[in-house]
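> My questions will all concern the structure given below.
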Amino acid sequence: MADVSQTRRSETDGILTLTFTRDEKLNAVSPEMIEALRQAATDLGERDDLKVLVIAAEGRYFTAGIDIRQSGAGGKRGYAADGSFSPRRLRREYRRLHLVFDELEAVEKPVVLAAHAPCLGVGLELAASCDFRLASTAAVFSLPELPALAVIPGSGGISRVTRLVGPHWGKWLAFGEEVDAHHARDIGLVHAVYPAEEFSERVSAFARKLARLPSEAAGVAKAAVDIAASVDRQTARDFDRFANTILLTSDEHRALTRAFETRKKSAE
């Protein structure tokens, strides 16, 4: 189980919120925090009562990046108890982080990242694996791995971020340049920017709106958009038609259709 001193969970009206609370380390992402993310993604996927996951933080940073003393360069990954190092072991342990991000991307429910403050390194990689990215005016985004550690941001900082912003801005970020919240919105990295004093409530309002959506249709919509981004246009249109044929027989669709007809008759 995750160290509860590093994260906090809450569940309200179908919204699962996971908050990073490791301010003394600038929310540097530890193995315990990664495990908390993994558990949240699993719970979101398995529990019908949960509709939305919000990933938030409190303190001076959303995250300053990976905790390199416990993970990544200079860390413990790849080393056995006897001190021996194995590249195969390193790849296996590195893959655990990738699998968490893959699950956030694949789960058929919306995942929202709410960056109230600087979001660096693995935080931006985490953001790119989410469906929606909301930023406070106090947020900035960067990938410092190349200039600081002589590695690339290999947990999605190249592949996912480039898919969001294109190679033009993908290179800008991959080479360590920082963008503020409004610049991030302009290049397509985040969806919306809210004033810092309104941020928490605006995020909550957005999450509540998502939670009220028909959950089966929302899951299909998420999958359809991701498929459309990775296949040819004909295949994407074929999937749209197939998926909607299924949704047209769903209980959600029938219930909303009946409600529409009832309202229409009442207005006549």
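> Please give the calculated 222 nm ellipticity per residue for the chain, where each DSSP H segment of at least 4 residues contributes -39500 (n - 2.57) and the sum is spread over every residue; nearest 500 deg cm²/dmol?
About -15500 deg cm²/dmol.
> Give me the dipole magnitude in Debye, nearest 20, for segment 215-267 about the Cα centre, with unit charges on the beta carbon: positive for Lys and Arg, negative for Asp and Glu.
Here the size comes out at about 360 debye.
> Follow-up question, since we're still on this one. What FRET efficiency would be calculated for the residue pair L247, I68, taking the C-beta separation as r and a Förster radius of 41 Å, to the nearest 0.05?
Once rounded, the FRET efficiency stands at 0.35.
> Can you pull the one-decimal nm distance between simple spin-label points at S86 and R237, each 7 Å off the Cα toward Cβ?
Calculated label separation equals 5.1 nm.
> Can you find, among A259, V151, G59, the residue sitting farthest towards the positive end of the charge dipole of the chain, where Lys and Arg contribute +1 and Asp and Glu -1 at Cβ?
Among A259, V151, G59, the one farthest towards the positive end of the dipole of the chain is V151.
> Oh, and also: Round to a whole angstrom and tell me the spacing of the C-alpha centers of segment 1-66 and segment 185-207.
18 Å
> Report the FRET efficiency, 1/(1 + (r/R0)^6), for E46 and S5, where r is their Cβ-Cβ distance and R0 is 22 Å, rounded to 0.05.
My answer for the efficiency is 0.30.
> Can you tell which of T17, A138, H98 lies farthest toward the positive end of the dipole of segment 7-211, using +1 and -1 charges on the Cβ of basic and acidic side chains (Lys, Arg; Asp, Glu)?
Selected residue: H98.
> Report, to the nearest 10°, how far helix 87-106 tilts away from the longest principal axis of the Cα atoms in the chain, using its own Cα long axis and a range of 0 to 90°.
With both axes taken from Cα atoms, the answer is about 20 degrees.
> With +1 on each Lys and Arg Cβ and -1 on each Asp and Glu Cβ, and nothing else charged, work out how big the dipole of the chain is about its Cα centre, in Debye to the nearest 20.
420 debye
> Positive end of the charge dipole of segment 109-248 (Lys, Arg +1 and Asp, Glu -1 on Cβ, about the Cα centre): tell me which of A127, A224, A205 has its Cα farthest that way.
A224
Read the figures in this text as sums done on the coordinates, not as results from a lab. None of the values given here were measured: they were computed from a predicted structure. FYI the Cβ positions are ideal-geometry reconstructions off the backbone, even for glycines, and counts take in every protein chain you see.
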